[in-house]
Amino acid sequence: MSDEDKVKETFNTVLVATAQLARNLHASASPNVYPPVLGESRVALNKSLKSFHTALDMAEISLIQARDTLQRDLNKLQQSKQPIKTENASAQSSFTIDIE
C-alpha cells in the first residue's frame, strides 16, 4: 500500500471515529452521564489519530527521500554538463597565430 493510500485510509478512519464519538455524545441524555460507549469511542478516535499521524510521518519521510534523490541526480547532471578546464585547454586558447 502506498503512503498516499495509507494516509487516505487512516484519514477516513479518523472521520468515522469522530462521527461515532459525536453521535454517542449526542445520544447520551445528560452530559454528566459517561456511558461506556463514549469511552470506547474516545479510545477508537485516539487510536485512529495515532495511526493517521504515523501515516503522515511515513509519507513525509518518503517525500524527503525523493527530494534528496532528485537533488542528488540534478547535481550530478549539472556537474556532467560543466566544461572541464585543463591547463592544455587554457594554453591553446591563449595561443594566437599572426598571419601577414
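The values are calculated or read from the model by the stated rules, or taken from the named source; none is laboratory data. The structure presented is a predicted model; accordingly, all values stated were derived computationally and were not measured. Neighbour counts are summed over all protein chains in view; Cβ atoms, including those assigned to glycine, are modelled from backbone coordinates with ideal geometry.
Quick notes on this one:
- Out of T13, T69, T54, sole residue that is modelled with pLDDT of 90 or more, among the hydroxyl-bearing types (S, T, Y), in a helix (DSSP H, G or I) and loosely packed, with under 11 Cβ neighbours inside 10 Å: T69
- Among the residues of this structure, K47 counts as one that is within 30 Å of T18 (Cβ to Cβ) and either at pLDDT 95 or above or among the basic types (K, R) (or both).
- Within the range 16-38, the residues that satisfy the criterion of being modelled with pLDDT of 80 or more and loosely packed, with under 15 Cβ neighbours inside 10 Å are V16, A19, A22, R23.
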